[in-house]
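Taking it in order: structure first as structure tokens, then the write-up.
The values are calculated or read from the model by the stated rules, or taken from the named source; none is laboratory data. Nothing here was measured: the structure is a model prediction, and the numbers come from that model. With ideal geometry, Cβ positions are generated from the backbone for all residues, glycine too; neighbour counts draw on all protein chains shown.
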Amino acid sequence: MKLKSILVLLLLFSFTFSVTAQNKRKYDRSDIEAFMKKKSEYLKTELNLTDAEAKLFLPLEIEFSMKKYEVNRDARRETRQLKRKEKKTDADYKRITQLNLESEERSSQLQLEYYKKFAEILSAEKIEKYRTADIKFKEDALMRHREKYHKGEKMD
């Protein structure tokens, strides 16, 4: 059940970059870089990383996050297209469900791969703190994004 909640949060995070269909603003590389910089600073503080740990862990974590984003891109795109489609068929829903399940499976495999790499750098305690901090950062970022979107402001 907890894994399912994490996967839902990961998908929600993925949607923060995909709201472009709703607000017609394309995110450029600097938006993503700024987001990742804030996340890195947040993680360094929350995990109390040493400089040596930060130097090894943070680039790896950014790589992991970007790969997860890529893995889920097609599923997000197809889901948005289905929402806009006038007459949805059972086959449409089956296709989207399958695509999302495959995306979640690839994300889980990626997570296992990277957590093994993280374990070469961080203690088990810091890895668990990372899991919690990562989810909290994404929830907070999504909340800030929604607040700005509802106020008609652009995302910083």
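Some points to look at:
- Extreme residue, modelled with the highest pLDDT, among residues of the stretch 15-47 that are surrounded by 12 or more Cβ atoms within 10 Å (Cβ to Cβ) and in a loop (DSSP other than H, G, I, E, B): Leu47
- Among the residues of the stretch 92-136, those identified as of a type in the set (A, V, I, L, M), assigned to a helix (DSSP H, G or I) and touching a residue at least 60 places away in the same chain (Cβ under 8 Å) are Ala133, Ile135.
- Residues satisfying the stated conditions in the stretch 48-73, i.e. surrounded by fewer than 20 Cβ atoms within 10 Å (Cβ to Cβ), in a helix (DSSP H, G or I) and over 11 Å from the mean Cα position of the chain (by Cα): Asp51, Ala52, Glu53, Ala54, Lys55, Leu56, Pro59, Leu60, Glu63
- The C-beta contact set for the stretch 137-151 (first residue under 20 Å from Ile62 (Cβ atoms) and in contact (Cβ under 8 Å) with a residue 40 or more places away in the chain, second residue of a type in the set (Lys, Arg) and exposed (fewer than 15 other Cβ atoms within 10 Å of the Cβ), distance under 9 angstrom, 6+ apart or interchain) comprises Phe137/Lys38; Ala141/Lys38.
- Of the residues Lys83, Lys88, the single one that is exposed (fewer than 15 other Cβ atoms within 10 Å of the Cβ) and either assigned to a loop (DSSP other than H, G, I, E, B) or touching a Lys or Arg at 6+ places or on another chain (Cβ under 6 Å) (or both) is Lys88.
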